[in-house]
Amino acid sequence: MRRIFGKLLVLLGLAVVINVIAALTIGAFPKAIQKGAVKANSPSDDVRAILSWLPADSESLFVANGPFTFPDLTPPDAPSVFTTPSPEELRNDFEAMPLSAIGFRSGVLANRFIGAKVSVVVEAARHFRAPTGLGETLYEGCSIAVFSEDVSARADSFLKESLAADHPPEKIEDQNVTGFNEQLESDKWTILVAFPNPKTVIACTNRDFLRDVLARVNHRAASVTASGTATSEAVAFPDSLPEWKYVDARNRFWAIRHFDKSQAAEDPTSPLTAPKKQADGGDASLDSAHAASAAALFDDQAIGLTFNFDPYKAWAGTVTYLSSDPAVAAKLQKSAFAISDEPAAAPLKPNFRDLAPGVVSISYQLTDRQAVHFFNVMLSAALGHAVYL
């Protein structure tokens, strides 16, 4: 569902995508690293508010900090003739990533908000599952856009003209919700849309996830009104996570994934369990190439990863991988993080650097347009959104 439901990089080779799916995965954390968990730079108030809305078992988080104008999510008809993307083009690419659920049906919702002033966009997700055939991994999650202006008129227009809705309007946690279906390859996705306040749009792929978000929105609003501060409860991505030490939340774009060990057996992007084998020795989830690559990179000591990028500060994006395996750097340099099997990705020039035992920083030069596409697919897979082509 990247860039309006899977239109991102249809030109990628099958072997590259298989390796990305197999390699970019993460897990649970050791006490040694947990003790050092300190936020490098804290999220904005808007992001903190959204974090308080998310289900406590959310696994991955992608943040696009504003201000920016809501982009047109429609992929261009033809690639740019320029090899090097501008900072604005890079910004537009990464702004689109957390908006994927809002971009359903070629922008039936998203097009209403083009040009509106955005404060922040967050995508949170959990429970990643292999698709029935080709396409993106299935997941439960939401795209949440918070605007710096009142967008209720745009929302009202969408609701009044949403004759294409596939589900009758319903109430979830006292909020009006409209549902749409989207057929992607062999899987039918359901997108549920809600507007909990005049400045917020939420699009979710799962009713239970949305119900939890809206319940927390209502609960937080009630508690803040009554006491001036939000009440304490289990939250997603708590301050104790070791990944926070490697996030600079002042960057334009940043992300975290902290793997849920309880989901590993069914998550095709999890390193915590080996790929399931068929009776003939093949991989039940994809094919033997996936099985071989996944087995080579199996890491039951994996912790998580972070991503930091700001196109107005530097041309490099950084992924930091955490594991309790002190020798993990050698594994990573032979994995899809290196993207060494694809000549078009060579301009990324991944640079591996040990920050601490089991903590490896990998920087990528985002100066070549085609190479950036490979990086985006790699990053999406790392956050659980692998693509089967």
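Asp310 - would you say it is within 22 Å of the chain's Cα centre (by Cα), over 24 Å from Arg129 (Cβ atoms) and of a type outside the set (Val, Ile, Thr)?
Numbers: within 22 Å of the chain's Cα centre (by Cα): yes; over 24 Å from Arg129 (Cβ atoms): yes; of a type outside the set (Val, Ile, Thr): yes.
Considered against the rule, which asks whether it is within 22 Å of the chain's Cα centre (by Cα), over 24 Å from Arg129 (Cβ atoms) and of a type outside the set (Val, Ile, Thr), Asp310 comes out as yes.
Would the stretch 246-256 turn up any residue that is assigned to a strand (DSSP E or B), under 17 Å from the mean Cα position of the chain (by Cα), under 16 Å from Ala386 (Cα atoms) and at pLDDT 85 or above?
Within the stretch 246-256, one or more residues are assigned to a strand (DSSP E or B), under 17 Å from the mean Cα position of the chain (by Cα), under 16 Å from Ala386 (Cα atoms) and at pLDDT 85 or above.
Consider Arg105 against the criteria (1) touching a Phe, Trp or Tyr at 6+ places or on another chain (Cβ under 7 Å); (2) more than 15 Å from Ala194 (Cα to Cα); (3) assigned to a strand (DSSP E or B): it satisfies all of them except one. Which criterion is unmet?
So Arg105 meets the others, but not (3).
So that you can scan it fast, the table gives a plain yes or no per residue for (1) assigned to a loop (DSSP other than H, G, I, E, B); (2) without any contact (Cβ under 8 Å) to a residue 40 or more places away in the chain; (3) among the small types (Gly, Ala, Ser); (4) buried (at least 17 other Cβ atoms within 10 Å of the Cβ):
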{"site": "Gly115", "(1), (2), (3), (4)": "yes, no, yes, no"}
{"site": "Arg126", "(1), (2), (3), (4)": "no, no, no, yes"}
{"site": "Glu140", "(1), (2), (3), (4)": "no, no, no, yes"}
{"site": "Ala153", "(1), (2), (3), (4)": "no, yes, yes, no"}
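When only residues in the stretch 364-389 that are hydroxyl-bearing (Ser, Thr, Tyr) and crowded, with 20+ Cβ neighbours inside 10 Å count, which is farthest from Glu266 (Cα to Cα)? Full working, then the answer.
Step one: of the stretch 364-389, the residues hydroxyl-bearing (Ser, Thr, Tyr) are 364, 367, 380, 388.
Among the residues that remain, those that are also crowded, with 20+ Cβ neighbours inside 10 Å are: 364, 380, 388.
Details: Tyr364: 31, Ser380: 18, Tyr388: 16 Å.
Only one residue tops the list, namely Tyr364.
Would you check if there is a residue in the stretch 327-349 being surrounded by fewer than 19 Cβ atoms within 10 Å (Cβ to Cβ), charged (D, E, K, R), modelled with pLDDT of 90 or more and out of contact with any Leu (no Cβ under 6 Å at 6 or more places or on another chain)?
Yes, there is a match, as at least one residue in the stretch 327-349 is surrounded by fewer than 19 Cβ atoms within 10 Å (Cβ to Cβ), charged (D, E, K, R), modelled with pLDDT of 90 or more and out of contact with any Leu (no Cβ under 6 Å at 6 or more places or on another chain).
Can you pull out every residue in the stretch 176-210 that is modelled with pLDDT under 95 and acidic (Asp, Glu)?
Hits for the stretch 176-210 are Glu182, Glu185, Asp187.
Quick one: how many residues across the stretch 344-389 are more than 30 Å from Cys142 (Cβ to Cβ), in contact (Cβ under 8 Å) with a residue 60 or more places away in the chain and part of a strand (DSSP E or B)?
The qualifying residues number 2.
Take the residues in the stretch 293-326 that are at pLDDT below 50 and either farther than 30 Å from Asp368 by Cα or touching a Pro at 6+ places or on another chain (Cβ under 8 Å) (or both), then tell me which one is surrounded by the most Cβ atoms within 10 Å (Cβ to Cβ).
Of all residues in the stretch 293-326, those at pLDDT below 50 come to 293-296.
Within this subset, residues satisfying the condition of being either farther than 30 Å from Asp368 by Cα or touching a Pro at 6+ places or on another chain (Cβ under 8 Å) (or both) are 294-295.
Details: Ala294: 25, Ala295: 13.
Checking each candidate, the answer is Ala294.
Would you point out which residue out of Thr69, Thr74 is over 16 Å from the mean Cα position of the chain (by Cα), at pLDDT below 90, within 22 Å of Glu123 (Cα to Cα) and not hydrophobic (A, V, I, L, M, F, W, C)?
Values: Thr69 fails: at pLDDT below 90.
Of Thr69, Thr74, the one residue that is over 16 Å from the mean Cα position of the chain (by Cα), at pLDDT below 90, within 22 Å of Glu123 (Cα to Cα) and not hydrophobic (A, V, I, L, M, F, W, C) is Thr74.
The values are calculated or read from the model by the stated rules, or taken from the named source; none is laboratory data. The model shown is predicted, which means the values in this text are computed figures rather than measured ones. Because the Cβ atoms are built from the backbone with ideal geometry, glycine has one as well, and the counts that use them run over all protein chains shown.
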